[in-house]
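Handing you a structure now.
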Amino acid sequence: MQDTLTDAQICQPENMVYCRTALMTQAPLSYCPGCGHGTAHRLIMEVIEEMKMQANTIGVAPVGCSVLAYDFLDIDMQQAAHGRAPAVATGIKRLYPDKFVFTYQGDGDLAAIGTGETIHACNRGENITIFFVNNGIYGMTGGQMAPTTLPGMKTATSPFGRDTETMGHPLKITELIANLPGTYFVSRQSVHTPANVRKAKKAIEKAIQYQKLNKGLNFVEIVSNCNSGWKMTPLESNKWMEENMFPFYPLGDIKVPK
Amino acid sequence: MATVKGRIVIDTERCKGCQLCAPACKEGTIAMSKNLNSKGYQFATSINDDCTGCINCALVCPDGAITVYRVKLN
Ligand SMILES: Cc1ncc(C[n+]2csc(CCOP(=O)(O)OP(=O)(O)O)c2C)c(N)n1
Ligand code: SF4
Ligand code: SF4
Ligand code: SF4
Ligand SMILES: [Mg+2]
């Protein structure tokens, strides 16, 4: 008899097991279809909701496709000049040590123009959390080469592929900052499959929880797609990411507290 | 026989037709509609009753367009 349950009988509030967190605003996301930025936003907000930290959180938005993050995340936010989010977050955290303070940054923002701010905030051991979305490209401005672009990868400014002889090598900034004494927890994740989403959420949880310990900077990289910049469909870009990005940027924890 | 029954509800206006949810579903419940939403995206739609409410599709949806329901059958 129960096998003949109607849709209306199943779709009751008490049976709901998943819905978009209320900490995401109603605004439609400005991201391209299939872009990992949306999933990354949602996971961070889910954790903040579950930890009941909405009123106690201040986020810093970058320049890049996620420049409008303050329109999507229903928390207090400040937008920073390109690459300067860790410096802005440093100021905010020092003024409000009891708040949870994080930055959300792309690879162009964090590992190109903002390399100095990133390294020094990490080296100072600022008690902030950095969420770093690495798609190996400047997505917002039309897909130019970034420091994180893979060898041989074609972009608008490396149309024949990145030649490391003339264009240098991709920068593993996450491994670099993990070596600094000021970082406490450093992890690299992705959000393109259900299993990876679950793992990424656990890493985000830790990076938020550890800030309460005041032991230094917590850092989660999310290797993500830029299907527009890579000129692929979303499904193709996720496959390409698995085959090309993950061997160079392997997933997993890079620095865990003793 | 399945001991749980699930249903998904897709916010077709929020959906951007990226197709990431379809291969995330082991039950083959999701396909793209032939219809378009007001932004011109071919939105995702549920095509069978085999949903177990596992939430995998909702986890990978970048736009948070999927709500999942689940009931236990005794
Ligand atoms: C001072 C300054 N220099 C350059 C730019 C142009 N600019 C805007 S976004 C961006 C790169 C964004 O790339 P990334 O941080 O990887 O973010 P994504 O869009 O890929 O998520 C650049 C160079 C700018 N806005 N300000
Ligand atoms: S340009 Fe790339 S990073 Fe920006 S929204 Fe589109 S897919 Fe995402
Ligand atoms: S909840 Fe699970 S079974 Fe149901 S449609 Fe989504 S992925 Fe498929
Ligand atoms: S993952 Fe979300 S946005 Fe993409 S097709 Fe499925 S429901 Fe639509
Ligand atoms: Mg980028």
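The values are calculated or read from the model by the stated rules, or taken from the named source; none is laboratory data. Small disclaimer: the values here were computed from a predicted structure and weren't measured. Cβ: placed from backbone, ideal geometry, glycine included. Neighbour counts: every protein chain shown. Quick note on the areas: whole protein, heavy atoms, side chains included, nothing else; ligands and nucleic acids left out. Shrake-Rupley method; radii C 1.70, N 1.55, O 1.52, S 1.80 Å.
Might you check whether a residue that is within 16 Å of ligand 4 (Cβ to nearest atom), part of a helix (DSSP H, G or I), modelled with pLDDT of 95 or more and more than 15 Å from residue A:115 (Cα to Cα) occurs anywhere in the stretch A:201-213?
To start, the set of residues in the stretch A:201-213 that are within 16 Å of ligand 4 (Cβ to nearest atom) comprises none.
Within the stretch A:201-213 (the criterion being within 16 Å of ligand 4 (Cβ to nearest atom), part of a helix (DSSP H, G or I), modelled with pLDDT of 95 or more and more than 15 Å from residue A:115 (Cα to Cα)), the answer is no, since none of the residues qualifies.
Under the condition of being aliphatic (A, V, I, L, M) and either within 15 Å of ligand 4 (Cβ to nearest atom) or outside any loop (DSSP other than H, G, I, E, B) (or both), which residue from the stretch A:1-26 is farthest from the other protein chains (Cβ to nearest Cβ)? Quick ask: steps written out before the conclusion?
Residues of the stretch A:1-26 that are aliphatic (A, V, I, L, M), as a first pass: A:1, A:5, A:8, A:10, A:16-17, A:22-24.
Checking the rest, the ones that are also either within 15 Å of ligand 4 (Cβ to nearest atom) or outside any loop (DSSP other than H, G, I, E, B) (or both) come to A:8, A:10, A:16-17, A:24.
Values: A:8: 10, A:10: 4, A:16: 5, A:17: 5, A:24: 6 Å.
By that ranking, first place goes to A:8.
Residues that are small (Gly, Ala, Ser): which strands (runs of 3 or more DSSP E) entirely in the stretch B:4-74 hold 1 or more of them?
Working: elements: B:4-10, B:30-36, B:42-46, B:66-72.
Correct list: B:4-10, B:30-36, B:42-46.
If I filter the stretch A:74-89 for residues that are within 28 Å of residue A:237 (Cα to Cα), out of contact with any strand residue (DSSP E or B) (no Cβ under 6 Å at 6 or more places or on another chain) and surrounded by 24 or more Cβ atoms within 10 Å (Cβ to Cβ), do I get at least one hit?
No: the stretch A:74-89 contains no residue that is within 28 Å of residue A:237 (Cα to Cα), out of contact with any strand residue (DSSP E or B) (no Cβ under 6 Å at 6 or more places or on another chain) and surrounded by 24 or more Cβ atoms within 10 Å (Cβ to Cβ).
Give me the pairs: first residue in the stretch A:138-159 and assigned to a loop (DSSP other than H, G, I, E, B), second residue open to solvent by 50 Å² or more (accessible area, probe 1.4 Å) and within 11 Å of ligand 1 (Cβ to nearest atom), beta-carbon distance under 8 Å, and six or more apart or on different chains, which are they?
Within 8 Å, the pairs are A:139/A:65; A:139/A:228; A:140/A:65; A:143/A:228; A:146/A:138.
Among the residues of the stretch A:218-256, which ones are open to solvent by 50 Å² or more (accessible area, probe 1.4 Å), closer than 23 Å to residue A:178 by Cβ and either polar (S, T, N, Q) or outside any helix (DSSP H, G or I) (or both)?
A:244, A:250, A:251, A:253, A:254, A:256
On the given criteria, is residue A:241 within 14 Å of chain B (Cβ to nearest Cβ) and hydrophobic (A, V, I, L, M, F, W, C)? Show your work before the answer.
Working: within 14 Å of chain B (Cβ to nearest Cβ): yes; hydrophobic (A, V, I, L, M, F, W, C): yes.
Taking the combined requirement at face value, the residue satisfies it.
Now for a different question. Kindly evaluate residue A:98 against the criterion of being in a helix (DSSP H, G or I) and touching a residue at least 12 places away in the same chain (Cβ under 8 Å). Walk me through it before giving the result.
Values: in a helix (DSSP H, G or I): no; touching a residue at least 12 places away in the same chain (Cβ under 8 Å): yes.
No, not satisfied.
Scan the stretch B:48-66 for residues that are more than 7 Å from chain A (Cβ to nearest Cβ) and crowded, with 16+ Cβ neighbours inside 10 Å and report the count. Talk me through it step by step, then tell me what you get.
Of all residues in the stretch B:48-66, those more than 7 Å from chain A (Cβ to nearest Cβ) come to B:48-52, B:54, B:57, B:61, B:65-66.
Within this subset, residues satisfying the condition of being crowded, with 16+ Cβ neighbours inside 10 Å are B:51-52, B:54, B:57, B:61, B:65-66.
Looking only at that region, the number is 7.
Let me ask something else about it. Go through the residues of the stretch A:159-175 one by one and say whether even a single one is away from ligand 1 (no atom under 16 Å from the Cβ) and within 19 Å of the chain's Cα centre (by Cα).
yes
Do we find a residue being surrounded by 20 or more Cβ atoms within 10 Å (Cβ to Cβ), away from chain B (no Cβ under 14 Å) and within 12 Å of ligand 5 (Cβ to nearest atom) anywhere in the stretch A:120-134?
So the first thing to find is which residues in the stretch A:120-134 are surrounded by 20 or more Cβ atoms within 10 Å (Cβ to Cβ), and the list is A:121-122, A:126-134.
Now narrow it down to the ones that are away from chain B (no Cβ under 14 Å): A:121-122, A:126-132, A:134.
Within this subset, residues satisfying the condition of being within 12 Å of ligand 5 (Cβ to nearest atom) are A:132, A:134.
Yes.
Here are the criteria: (1) touching a Phe, Trp or Tyr at 6+ places or on another chain (Cβ under 9 Å); (2) within 14 Å of another protein chain (Cβ to nearest Cβ); (3) of a type in the set (A, V, I, L, M, F, W, C); (4) within 16 Å of ligand 5 (Cβ to nearest atom). Tell me which single one residue A:204 does not satisfy.
In the conditions (1) touching a Phe, Trp or Tyr at 6+ places or on another chain (Cβ under 9 Å); (2) within 14 Å of another protein chain (Cβ to nearest Cβ); (3) of a type in the set (A, V, I, L, M, F, W, C); (4) within 16 Å of ligand 5 (Cβ to nearest atom), residue A:204 misses (4) alone.
Do we find a residue being more than 16 Å from ligand 3 (Cβ to nearest atom), open to solvent by 50 Å² or more (accessible area, probe 1.4 Å) and within 14 Å of another protein chain (Cβ to nearest Cβ) anywhere in the stretch A:94-102?
no
So how many residues does the stretch B:6-40 have that are more than 10 Å from chain A (Cβ to nearest Cβ), open to solvent by 40 Å² or more (accessible area, probe 1.4 Å) and aliphatic (A, V, I, L, M)?
2
Right, next: Condition (residue is in contact (Cβ under 8 Å) with a residue 12 or more places away in the chain and within 16 Å of ligand 3 (Cβ to nearest atom)) applied to the stretch A:21-33: is it met by at least one residue?
To start, the set of residues in the stretch A:21-33 that are in contact (Cβ under 8 Å) with a residue 12 or more places away in the chain comprises A:21-25, A:27, A:29-33.
From the residues that got through so far, the ones that are within 16 Å of ligand 3 (Cβ to nearest atom) too are none.
No; the residues of the stretch A:21-33 include none that is in contact (Cβ under 8 Å) with a residue 12 or more places away in the chain and within 16 Å of ligand 3 (Cβ to nearest atom).
So which pairs qualify, if the first residue must be in the stretch B:1-21 and closer than 17 Å to residue B:68 by Cβ, the second must be open to solvent by 40 Å² or more (accessible area, probe 1.4 Å) and of a type in the set (Gly, Ala, Ser), the Cβ gap must be under 6 Å, and the two must be at least 6 apart or on different chains?
Partner pairs satisfying both residue conditions: B:8/B:46.
Additional query: Based on this model, can you work out whether residue B:54 counts as in contact (Cβ under 8 Å) with a residue 12 or more places away in the chain and over 19 Å from residue A:14 (Cβ atoms)? Give the steps one after another, and end with the answer.
Details: in contact (Cβ under 8 Å) with a residue 12 or more places away in the chain: yes; over 19 Å from residue A:14 (Cβ atoms): no.
No, not satisfied.
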